[in-house]
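Student: Here's a structure for you.
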Amino acid sequence: MDKSNSHMKEAGFRYGALALGALIFLLAGMLIASSFGHPAQAEPRQATAGVPPQYLPDLVEALGPSVVNVKITKVEKTQFPSGMPWAEEGPFGDMFKHFFGDMPRPPRTFKSRGAGSGVIINSDGTILTNNHVVDGAQEITVTMSDKREFKARVVGRDSKTDLAVIKIDAKEDFVAAKLGDSGALRVGEWILAVGNPFGLSNTVTSGIVSAKGRIIGAGPYDDFIQTDAPINPGNSGGPLFNMRGEVVGIATAIVPNGQGIGFAIPINTAKALLPELVTRGSVTRGYLGINIQNLTEDLAASLNIKGTKGALVSDVLKESPAEKAGVKRGDVVVAFDGKEIKESHDLPSVVAATPVGEKVPLKVIRDGKELTLKVKVGKLESKEEEAGKAEAVQEGKWGLQLEELTPERSRQLGLKPERGVLVVDVRPGSPADEASVQRDDVVLEVNRQEVKSVDDMKEKMARAAAGKEGVLLLIQRGKTTIYAVLKG
């Protein structure tokens, strides 16, 4: 009995020891898991603000209504449609020219369509997209995630950064996305791309931030986010979201033969431009008036400069702010308004962001010595602003944009006498286009009445619009004058 009890006690001790060992092992495993496993999950939980990776569908569902499909229609024309026997490229082109010279031939118009993506950034229907998506659009249709369609109009655009703002004019509140901070992005961070690749609406792809500050030769303000989230034609203008559901970029470019290489405009770039794009329709940028290039080791040695930091001035434009400040060819700009210039690409963006008219210090190295100059920042004229200077005369009806004919422009066109109004643009598919009015034509008369100024022509065109008949224009084109009838 005592022996049996002894065996039982011994066995109990062994089982107890095993159980205690298992418990210790289990606790140790949990501690190790807590030390090594959980932080890898805790970081995404914090980054997604309560939306861990396994619940990404909830995040996508919340973001979907803010992403739209943007469809555009353009009216384009061809002066020599293929298949016409008198086309310049045709076999009878020389014969036609021999007999008919430069006789105007009616253009043929046709509609072309394109598509892209956009993201709603204000509940009033304001949408951010790419400039190349809406450039030249005569009609814009926005399709929501619930398949509803709305007409939209261009509010502002900037070709230099390839950004545009369009707006839906509807009396309702739309779901708007929150704009994040692209400067806080880290390489390796997870992101989502949402858009309409190849017309496949509301397509969601994921990936990481592959690199920041990429220069791809798109323009002077290159500063792209590179990502391996699949981006395809139709994604242009669509948002990149971080794991907090904030817009951190606008998809804009791809490498055609590359896989997993796409580029997006940092949202911070857009945020800096949005106020002017919305209120003015274009962007005002600072201007120095210099041409610059990277400083190589050979160039640095020949210029007696240590290192290769800075932007080498290769030319200074006459009467520019830089020339007035004393900048010379061969100077190396190393700082602008207290901001270090490490390479030539750094300078345009900081100059552009400086208010026009502001005087700032410009630090340069000249002949091995450092100098500080004071430069008054000028205004960079953009194509959008130049187009905005043209007076629209009954543009919705006639499709004409006009400017006053200056003596200088008159001399350039070889016009005598200097009178009339200059046509600077003709909207494709408009009555003016159908009547073969062309850019650089000069309107001399409206309904046989002499045109003295843009305002005078606006008044005459307004009176003509009230009538039922077409409008008769006398146009000077080069050394000849022709009549054209605009029918509303």
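Student: For a quick check: with amide H placed at 1.01 Å from N, whose amide H comes under 5 Å from Leu295's, ignoring anything fewer than 5 positions away on the same chain?
Tutor: Leu312, Ser344
Student: Semi-axes of the equivalent ellipsoid for segment 247-379, please: Cα gyration tensor eigenvalues, times 5, square-rooted, ordered largest first, whole Å.
Tutor: Details: eigenvalues 174, 95, 27 Å².
Sorted largest first and rounded, they come to 30, 22, 12 Å.
Student: Taking the number of other C-beta atoms within 10 Å as the exposure measure, put Lys151, Lys171 in order starting with the fewest. Working shown, then result.
Tutor: Numbers: Lys151 11, Lys171 6.
By the 10 Å Cβ count, ascending: Lys171, Lys151.
Student: Would you mind putting 332-340, 192-200 in packing order, based on average other-beta-carbon counts within 10 Å, highest first? Display every interim value, and only then the final one.
Tutor: Numbers: 332-340: 18.2, 192-200: 20.1.
Going by the mean number of other Cβ atoms within 10 Å, highest first, we get 192-200, 332-340.
Student: Among the listed pairs Lys111/Lys212; Lys324/Lys458; Lys74/Lys271, which are separated by more than 32 Å between their Cα atoms?
Tutor: Beyond 32 Å: Lys111/Lys212; Lys324/Lys458.
Every number in this text was worked out from the coordinates using simple rules, so none of it is lab data. Worth saying up front: this structure is predicted, and the values here are computed from it rather than measured. Cβ sites come from the backbone with ideal geometry, for glycine too, and all protein chains shown count toward neighbours.
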